[in-house]
Amino acid sequence: MSKLTNLQGNRACVLGAIEAGCRFFAGYPITPSSEIAENMAKELPAVAGTFVQMEDELASMAAVIGASVGGARAMTATSGPGFSLMQENIGYAAMTETPCVIINVMRGGPSTGMPTRPSQADIMQARWGTHGDYSAILLTPWSVGEIYTETQRAFGLSEALRVPVVVAFDESIAHLVESVDLASAVSKKGMIRKKAVGDNKSFAPYAVTDDCIPPMALPGDGFRTHTTGLTHGEDGFPTQEPLAAERAVGRLLEKIRVNQSRIERYESSHCAGADIVIVAYGITARAACLAQEQLQAAGIQCGVFRPQTLWPFPELAFRKSIESAGHVLVPEMNAGQLLVEIQRLAAASDKSVAGLNRIDGENISPSMIVERVEAFLDE
Amino acid sequence: MSGIEIRFSGSGGQGLQLVARILGEEFSAKQRYVAISQGYEPTSRGGLSRADLVIGDQGKTSYPLVSRLDYLVILDQVAVAASKGLVHADTLIIADCERVTEPPSGAGKYLQLPLVKEALAAGTSRAVNIVSLGALVSCSRVCDPDALVDKISSSVPQRFIDMNIDAYQRGLTLGLDEKAV
């Protein structure tokens, strides 16, 4: 029988990261993510890792990228205002294809907002926060146990695909203490960085490969490489030649598209034959599941679709999940961010799509969802 | 859900997070999933403080925040208002008879117990959290009362172990007396 351990969400994130091989953390503590930095400072030295408290979040993100270029599995953790400051360097990581993991414990915003209250209002920032065209990966765990496993998965995806991966959860789960089975480590198969091998003279650090993931050279390996945020050719050096520029940016987007099946993860519960499907993520999905039980007991055919990988959104699976439903409800602790995406995906259908939103720093309760579903079906 | 919902509430500094953690460890040791949440804001250092437990079915990820309390411990009047709406006909409330003057209405059973008085008899009013844990466990039997003794001992500083065990026993006795009534 597995052994259960009671863990706080932020600590589970740290243990998951270390289990995944994280050996470098640079950050600037900020509520409600501070326990991640605190626990990293305790745990990393024990595994010969490095913890650095930086002067701010811009430098934190830069240090993480530097450590990763040097070969370490590296991460940082922050909350809303810090996540905003990190955006430029997250773009640098995307452009240079440097693996890294960013934890964003969501609190009320904008600006300093409500530091101690939960929110889900950073999901579009995670998708579009840095400038330019790029594709982001965002994982949205719903429990302490899933913070443990999804943080591990974030490292695997980041290393394998050479992309920054954001894991976002709200203050409620971050500070929740919950029973976790620490034996639930994620398989690392296929989740390691492709390293440069072969002839070092002909090595091209940004070569086009079938899976759009170029092998990565590490300092000291003997391969000539060049790392820049400027648009670069296959040799890594800056170029503004139109065809090379289009190929370079296009491959960043194509890389996520061709590897989507490796990235996406979702749960679909009782969606086949449902009259209404609730689309929810994070702690709101747990409210949705309890609401679903109560609605089903009342004779309402209700499904729940939960994207664990929020970006790229599992579009095909979602479309299949709402085939029978006339109504789609999107509860979230923001003013309607995923709602816009769901409306776009359902635009060609005759589905009626609505949101249930809270921006007051309080969680959406199961009873709120039950009431909204009943009213929605009567409309 | 078919689980159990418990709230310890009072004013900041009364040790509510500690008793929630002790009780939570007992549930997870018995392979029951537990979720513990707390008030997370500056008032937890003096104003309203709370620690909530939701004990769920094995292996099931359920909603982790309280919505219908089965057991509510109140150690200070300042905490009463926060639990309105969570109390129902099956809720058992255990409140300190001196510090709580107006309990929330609608509970199935309301016990006013001399929790602070017994804590003082054990040595300090700061042990009221452990007294209330004893009273809750003996009234509710949510877990084996004896199982918590070791967990309390390992959760408090060495020099306060005897005092806390005394406080726990006093709480158990209060609960047993009430059960007999």
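The values are calculated or read from the model by the stated rules, or taken from the named source; none is laboratory data. Keep in mind that this is a model prediction, so the values were computed, not measured. Heads up, the Cβs are rebuilt from the backbone with ideal geometry, glycines too, and the neighbour counts pull from every protein chain shown. Note: accessible area is taken over every heavy atom of the protein model, side chains too, but ligands, DNA and RNA are not part of it. Shrake-Rupley method; radii C 1.70, N 1.55, O 1.52, S 1.80 Å.
Values as computed for the structure displayed
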| read-out | value |
| --- | --- |
| Within the accessible area of the stretch A:267-378 (1.4 Å probe), percent carbon and sulfur | 49 |
| FRET E, pair residue A:111, residue B:176, Förster distance 56 Å, beta-carbon r, rounded to 0.05 | 0.55 |
| Spin-label model distance (nm) - residue A:253 vs residue A:324, 7 Å beyond Cα toward Cβ | 3.7 |
| Accessible area that becomes buried as B packs against A, both chains, 1.4 Å probe, Å², nearest 100 | 2000 |
| Gain on full stretching of the segment that runs from residue A:187 to residue A:298 - 0.36 nm per residue minus C-alpha separation | 36.0 nm |
| Projected label distance in nm at residue B:149 and residue A:211, using a 7 Å step from Cα toward the beta-carbon | 5.8 |
| Listed peptides A:337-348, B:147-158 by packing density, highest first (mean Cβ within 10 Å) | A:337-348, B:147-158 |
| Helical segments meeting 15 Å axial Cα length and Kyte-Doolittle 0.0 threshold in chain B (DSSP H) | B:16-29, B:128-140 |
| Where GluC sites (Glu not before Pro) fall in DSSP loop in the stretch A:8-117, at most 11 other Cβ within 10 Å | A:55 |
| With Cα atoms, 0 to 90° folded angle of helix A:144-161 axis to chain A main axis | 40 |
| Between helix A:34-43 and chain A: long-axis angle, C-alpha atoms, 0 to 90°, nearest 10 | 50 |
| Residue list for the stretch A:305-338, given a label point 7 angstrom along the Cα-to-Cβ vector of residue A:367 and an amide N cut-off under 20 Å | A:331-333 |
| Percent of alpha-carbon pairs separated by more than 28 Å within the stretch B:1-142 | 12 |
| Segment residue A:228-residue A:275, length gained on full extension (0.36 nm per residue, minus Cα span) | 11.8 nm |
| Helix A:9-19 axis, angle to chain A major axis (alpha carbon atoms, nearest 10°) | 40 |
| Spatially proximal lysines relative to residue A:320 (Cα-Cα < 20 Å; intrachain offsets below 8 disregarded) | A:351 |
| Potential lengthening between residue A:260 and residue A:246 on full extension [0.36 nm per residue; Cα-Cα distance subtracted] | 2.9 nm |
| Label-point gap, in nm, between residue A:42 and residue A:221 - each point 7 angstrom along Cα→Cβ | 3.6 |
| Shape category assigned to chain A from the gyration tensor of Cα positions, a/c cut at 1.5 | prolate |
| Nonlocal amide H pairs with residue A:278, under 5 Å, H built at 1.01 Å | A:303, A:304, A:305, A:329 |
| Highest to lowest packing among B:18-27, A:77-86, scored as the average C-beta count within 10 Å | A:77-86, B:18-27 |
| 12 Å Cα-Cα reach of residue B:117 towards aspartates and glutamates, excluding residues that sit fewer than 8 places from it in its own chain | B:96, B:98 |
| Cross-link pairs beyond the 20 Å C-alpha cut-off, checked among A:3/B:30; A:3/A:42; B:84/B:109; A:195/A:255; A:3/B:151 | A:3/A:42 |
